[in-house]
Amino acid sequence: MGQTPEEIIDGQRQDWNRVAGGWEKWDRFFDEQMAFLNHRLVADARLRSGLRVLDLGSGTGYPALLAARTVGPDGTVIGIDLAEQMLNAAQRKASSLRLSNVSFQTGDVTTLPFDTASFDAITSRFCLMFLPDIPRAVTEIGRVLKPGGWLSAAVWSAPDKNAYLTTPLAVIKQFIELPPPDPTAPGIFRLAKPGELMRMLQEAGFVNIVEEEYLAEVRFPSGEEYYESLMDIAAPIQNLFARLSKQQQADARNRIVGSIGQYRRADDIALPIAVRMVAARKPFG
Ligand SMILES: C[S@@+](CC[C@H](N)C(=O)[O-])C[C@H]1O[C@@H](n2cnc3c(N)ncnc32)[C@H](O)[C@@H]1O
C-alpha cells in the first residue's frame, strides 16, 4: 500500500534533516557547480529590486540567497522548507553573507502559511517533485502570488539524461530488485515527463507557461569525490543504498566509481544533468 500524504511529508522532513550536514559540507562545491540554475530561476521569476519573494523547499538556501541579493534591501525573501536543519544552514549562510532581507521558516509547500496575493514572485529548485499532492501545491502557489506574479521552478528531467543521478541507481539494481518506479509517486523523477508540471499549472489557471529541458554537466575532479558528495546529499539515493549489506555497499561503491570513468575528460569527470525549467504567470485577473 502507498504512503499517506502525512507519511510522505514526515519521511521528507526526516530524510532532508538527516543529510543537512552533508549539504553544509559540500556547500561550496555545489554552489560553484550549480549556481547557474539559481541565476536562471531568478531571471525566469523576473526578480528585481524591491520585490517580495517566496522560495519553496529552500533547503540550504538555493535560490533564496541569490534572490535576496537580487531584490536588494528594499525587497524581502522568505524561504520555506520542511527540514529545520537545512534551513539552519541556510540562515548561517545568510548571516555570513550579511543578507538581512532573507528569512527562513519551516512549513509545507502544499499548505502555504501565507496570505492570499502576498508575494510578487515565487521560485523553487528541486522540491516540487517530492510533494504528495503537486496540483494542490500549484493551487496554493496561485493563491499566494499577486496577480501578474511569476513562478519559476526547476525539477529533474528524464532519468536517461541524468547520469549524475542514475549511475548509483543502476548499480544498486545489480544487487537488489527495485520495483519499477510508480510514475505518480513522489520522487526524484516524478515531474520528469515533458508537459506534466505545465499541465498542472494550466489547470490551476496560470498563463504564459514556458517549459525547457536544460542540459548541463556537474564536474568532479575524481570518481571518489563524485561518490562521496552525492551520497552525502542525495537522501533518496541514500535510502536505497541503506538496503544493501555492508559488503554490497563496498562493492557498489567500487562499481559506481568505476562506471563513471566513461565520463572522464582531459581535466575532470563531467556527469550529464537534465533539468526541466518551468516558468508561469498568474493572470492579472
Ligand atoms: C533536493 S532539496 C533542494 C533544496 C534547495 N532548493 C536546493 O536546490 O539546493 C529538496 C528540499 O525540498 C524540501 N521539501 C520536500 N518536500 C517539501 C514540502 N512538502 N514542503 C516544503 N519543503 C519540502 C526538503 O526538505 C528539501 O530541503
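Read-outs throughout are calculated quantities, based only on the coordinates presented, and are distinct from any laboratory measurement. The shown structure was predicted, so the numbers you read here are calculated from the model rather than taken from an experiment. Counting neighbours? That spans all protein chains shown, and the Cβs are built from the backbone with ideal geometry, glycine included.
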Extreme residue, surrounded by the most Cβ atoms within 10 Å (Cβ to Cβ), among residues of the range 1-47 that are of a type in the set (Phe, Trp, Tyr) and within 9 Å of the ligand (Cβ to nearest atom): TRP16
Limited to the range 68-110, what total is found for residues that are without any contact (Cβ under 8 Å) to a residue 40 or more places away in the chain and near the ligand (Cβ under 9 Å from one of its atoms)? 6
Can you say whether SER124 is crowded, with 22+ Cβ neighbours inside 10 Å, under 16 Å from the mean Cα position of the chain (by Cα) and more than 12 Å from the ligand (Cβ to nearest atom), as far as the supplied structure shows? no
Please specify each residue of the range 246-285 satisfying the condition of being in contact with a Gly (Cβ under 9 Å, 6 or more places away or on another chain), in a strand (DSSP E or B) and farther than 30 Å from SER118 by Cβ. ARG264, ILE269
Looking at the range 209-221, is at least one residue away from the ligand (no atom under 16 Å from the Cβ), under 30 Å from GLY285 (Cα atoms) and not acidic (Asp, Glu)? yes
What are the pairs with Cβ atoms under 7 angstrom where one residue, in the range 147-160, is over 18 Å from ILE237 (Cβ atoms) and within 12 Å of the ligand (Cβ to nearest atom) and the other, located anywhere, is assigned to a strand (DSSP E or B) and basic (Lys, Arg)? Sequence gap at least six, or different chains. ALA154/ARG125
For the range 48-67, how many residues are within 13 Å of the ligand (Cβ to nearest atom) and touching a residue at least 40 places away in the same chain (Cβ under 8 Å)? 12
Evaluate the range 179-195: report whether one residue or more is under 24 Å from the mean Cα position of the chain (by Cα) and either farther than 30 Å from VAL278 by Cα or assigned to a helix (DSSP H, G or I) (or both). no
Among the residues that make up the range 13-34, is at least one of them among the acidic types (Asp, Glu) and closer than 20 Å to GLY107 by Cβ? yes
Looking at the range 199-215, can you tell me whether even one residue there is hydroxyl-bearing (Ser, Thr, Tyr) and in contact (Cβ under 8 Å) with a residue 24 or more places away in the chain? yes
So ARG243, is it of a type in the set (D, E, K, R) and either surrounded by fewer than 16 Cβ atoms within 10 Å (Cβ to Cβ) or not in a loop (DSSP other than H, G, I, E, B) (or both): yes
Applying the selection to the range 212-228, what residues are assigned to a strand (DSSP E or B) and in contact with a helix residue (DSSP H, G or I) (Cβ under 6 Å, 6 or more places away or on another chain)? VAL218, PHE220
Can you find, within the range 232-263, the residue that is farthest from the ligand (Cβ to nearest atom) among those that are free of Cβ contacts under 8 Å to residues at least 12 places away in the same chain and within 23 Å of ASN17 (Cα to Cα)? GLN249
